[in-house]
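Here, each number is a calculation from the coordinates, and none is a lab measurement. These figures come from a predicted structure and were not determined experimentally. Here the Cβ is made from the backbone with ideal geometry for all residues, glycine too, and neighbour counts use every protein chain on show.
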Amino acid sequence: MKYKVGVLGATGMVGQKFVQLLANHPWFKITTLMASERRVGKKYGDEVDWIVSSDVPKDVRDIEMSPMDPKYCDADIVFSALPSDVAREVEPKFAKEGFVVASNASAYRMEEDVPLVIPEVNPDHLQLIDVQKRNRGWDGFIVTNPNCTTIMLTITLKPLMDLKLKSVRVATMQALSGAGYPGVPSLAIVDNIIPFIKGEEEKVESEPLKILGRLEGGKVIPADLEISASCHRVPVIDGHLEAVWARFDGNVSVEDVIDAFDSLKPLDLPTSPEKVIVVRSEVDRPQPRLDRDTGNGMSVVVGRLKKVKDNEVRYLVLGHNTVRGAAGASILNAELMIKEGYISQA
Ligand SMILES: NC(=O)c1ccc[n+]([C@@H]2O[C@H](COP(=O)([O-])OP(=O)(O)OC[C@H]3O[C@@H](n4cnc5c(N)ncnc54)[C@H](OP(=O)(O)O)[C@@H]3O)[C@@H](O)[C@H]2O)c1
């Protein structure tokens with residue numbers, strides 16, 4: 001029997017991606033959709049400004065939108081695509097009532113007892129679930145996935161840690177869908193690049209340290225790594241591109257880096273891509289339009305590797321920000337939690 005799932009913030013950019021990916025999922029069935037109060041009692045298909053594909057999936061069009069209250073939610077897992085300030089209030093209410101909350105929001109990512117997980121990178125951090133339940137006395141729990149820009153970067157940093165990675169500089173070119181819907185006004189972004197995204201550099205500089213950190217005595221000891229980020233919004237619909245300078249403690253070749261990327265293996269889960277990091281050798285790849293759907297949007301694509309110093313390699317990494325960077329990331333976390341026995345059916 002499929003697990004029943006709900007979506008918080010189902011009408012937004014990430015919420016729509018959740019609905020699209022969950023509509024045909026082998027393990028999950030959407031039962032409850034929630035957004036702001038004005039939608040309550042209305043049909044999802046009539047309320048949503050659907051922009052992620054040509055049609056709202058048939059099975060969800062007639063679902064009546066529920067109030068954002070655990071007592072109206074008929075689900076085993078709740079996926080959250082709420083703005084952070086709303087998530088801070090709402091997610092604990094669901095966790096307290098026994099729901100598993102798989103969240104995209106930043107509200108709880110950096111809390112000590114909340115797992116911040118990328119399944120291929122730090123699956124062991126799910127052990128924090130027991131700490132969280134003990135600390136907070138909740139029947140359910142919150143598990144988060146990183147910020148969309150952090151995910152692509154950290155997937156590539158994980159295998160580089162074994163090559164004694166010391167510091168990272170990253171410059172991002174981030175897609176418009178990363179700003180939600182309706183997001184950035186067209187007159188601000190057409191023929192333009194906006195060199196500031198509120199809070200983004202801080203997230204990219206701090207979240208990877210927790211994800212790459214080591215779990216010890218019920219706590220994460222952050223990775224010993226320096227990260228400096230410069231983040232920019234560009235007129236691309238989907239797909240964040242990031243230029244990364246990785247500096248090591250010792251001499252490292254491009255071949256070492258490619259071998260390390262190849263060593264990161266996919267998991268045996270429905271949303272896992274066949275290859276986690278795809279390395280392209282063409283001089284002009286990766287490109288958002290051509291490469292964002294690699295592995296159904298769940299692979300990250302690397303290219304333009306170059307040794308810039310004895311101990312420094314530069315590369316580009318691209319990932320689909322609303323799939324690998326958001327909805328797909330939460331769904332993969334939920335699949336992992338099921339596989340690891342953290343979720344049972346009501
Ligand atoms: N976009 C990305 O690539 C991305 C990537 C990673 C993480 N995230 C995170 O995911 C979350 C959602 O982002 P998004 O881009 O999907 O935003 P969005 O397009 O603005 O969607 C926000 C959703 O939250 C609902 N909402 C807003 N205020 C609410 C309130 N007071 N009460 C109840 N529901 C409310 C909206 O419902 P209505 O339609 O009814 O107003 C909508 O469904 C954010 O925390 C964001 O930081 C986004």
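Rounding to the nearest 20 debye, state how big the charge dipole of the range 148-320 is about its Cα centre with +1 on each Lys and Arg Cβ and -1 on each Asp and Glu Cβ.
Values: 22 positive and 25 negative charges, 33 e Å.
Rounded to the nearest 20 debye, it is 160 debye.
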So the label point goes 7 Å from the Cα of Glu97 along Cα→C-beta, right? Which residues of the range 56-77 then have their backbone N under 11 Å from it?
67-75
So what's the angle, to the nearest 10 degrees on a 0 to 90 scale, between helix 328-339 and the longest Cα principal axis of the chain?
80
Could you list the trypsin sites (Lys or Arg not before Pro) in the range 159-258 that lie in coil according to DSSP, counting only those with at most 13 other Cβ atoms within 10 Å of their Cβ?
Lys164, Lys198
Among Leu160, Phe196, Leu305, which residue has its Cα positioned farthest towards the positive end of the charge dipole of the range 148-320, with +1 placed on the Cβ of Lys and Arg, -1 on the Cβ of Asp and Glu, and the dipole taken about the Cα centre?
Phe196
If I stretch the segment between Asp59 and Ser253 completely, what's the gain in nm (0.36 nm per residue apart, minus their alpha carbon distance), one decimal?
64.7 nm
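With the alpha-carbon atoms as the only input, what is the per residue convex hull volume for the range 148-320 in Å³?
On the way: hull volume 23.0 nm³, N = 173.
Normalising the Cα hull of the range 148-320 by residue number yields 133 Å³.
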How many percent of all Cα-Cα pairs in the chain sit more than 24 Å apart?
54
Angle between the Cα long axis of helix 200-211 and the longest principal axis of the chain, 0 to 90 degrees, nearest 10?
90
Would you calculate a helix-derived [θ] at 222 nm for the chain, using -39,500 (n - 2.57) for each DSSP H run of n ≥ 4 and dividing by the full residue count, to the nearest 500?
-7500 deg cm²/dmol
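Scanning the chain for GluC sites (Glu not before Pro) in DSSP loops with at most 11 other Cβ atoms within 10 Å, what's the longest stretch left with none? If you can, show how the numbers build up before the last one.
Numbers: sites that count: Glu274, Glu282.
Looking at the chain, 1-273 is the longest stretch - no exposed GluC sites (Glu not before Pro) with at most 11 other Cβ atoms within 10 Å.
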If you line up the long axis of helix 148-161 against the longest principal axis of the chain, both from Cα atoms, how many degrees apart are they, to the nearest 10?
50
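Evaluate the charge dipole of the chain about its Cα centre and quote only its size in Debye, nearest 20, assuming +1 on the Cβ of each Lys and Arg and -1 on the Cβ of each Asp and Glu.
Working: 42 positive and 49 negative charges, 38 e Å.
With only Lys, Arg, Asp and Glu charged at Cβ, the dipole is about 180 debye.
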